[in-house]
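Take a look at the structure set out below.
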Amino acid sequence: MAIRRVLKYGEKSLREPSKEVHKVSKKITDLVRDLLDTMYAQNGVGLAAPQIGENVRVFVIDVATNNEPLNPIVFINPKIIKKSGAVKSNEGCLSFPEAYTDVKRYKNIMVKALNEHGKPFVMEAKDGSLLARAIQHENDHLDGILFIDHCINRFETEEILKKHNLPNLNPDLLIDEKELEEEIANND
Ligand code: ZN
């Protein structure tokens, strides 16, 4: 289909909530193709529709490594239905070129969603795996939440953003995650 432009942190769509998909129409399957084409072109692990300026509840993930065959997973109207444990995760985002920082994530999650054929599925991702972290990261995009809102060290993250000429953190948007914080501190 098409490689689309990935919006950069600071652009409006990234902070806007996305709408539910009512029907997995051709418009949606075309969007899924564009998301996959764009994600692969950028060597990303995941990409959410708002990142290409479409505020609908769709994201794609592929955690296969370079020597493994492609393994795209499509999530439409996803919902995280279980979460437990905590891990520190060093993350980046295609909307934040070259900027990485440590964030708090749940270690284990269970998600339900529709696939690209509109068929419901449930997926479990455990042990702080890349898949578990990527699902949380992409799912957040659908609510206008960005990985920096989960950062472990606010001041370090501000420095990283500055270094990459990206807009500042918005302190009002930082997510209060005391429980995750404590568990991560105990693990360290
Ligand atoms: Zn992202």
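The values are calculated or read from the model by the stated rules, or taken from the named source; none is laboratory data. In this text the structure is predicted, and so the values were computed from the model without any measurement. Cβ: placed from backbone, ideal geometry, glycine included. Neighbour counts: every protein chain shown. Just so you know, the surface numbers come from the protein's heavy atoms only, side chains and all, with ligands and any DNA or RNA stripped out. Shrake-Rupley method; radii C 1.70, N 1.55, O 1.52, S 1.80 Å.
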Handout entry: Selected residue (only one of V74, V60, V24 is within 21 Å of P120 (Cβ to Cβ), of a type outside the set (S, T, Y) and assigned to a loop (DSSP other than H, G, I, E, B))
Key = V24
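Considering each residue of the range 139-188, count those that are part of a helix (DSSP H, G or I) and either hydrophobic (A, V, I, L, M, F, W, C) or open to solvent by less than 10 Å² (accessible area, probe 1.4 Å) (or both), and give that number.
Going through the range 139-188 one residue at a time, the tally reaches 12.
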Completion exercise
Of the residues in the range 86-131, those that are of a type in the set (F, W, Y) and away from the ligand (no atom under 16 Å from the Cβ) come to Y106, F121
Exercise for the section: Return the residue satisfying two criteria in turn: it lies in the range 35-45 and is under 21 Å from Y100 (Cα atoms) and open to solvent by less than 10 Å² (accessible area, probe 1.4 Å), and of such residues it is nearest to the ligand (Cβ to nearest atom). Expected result: M39
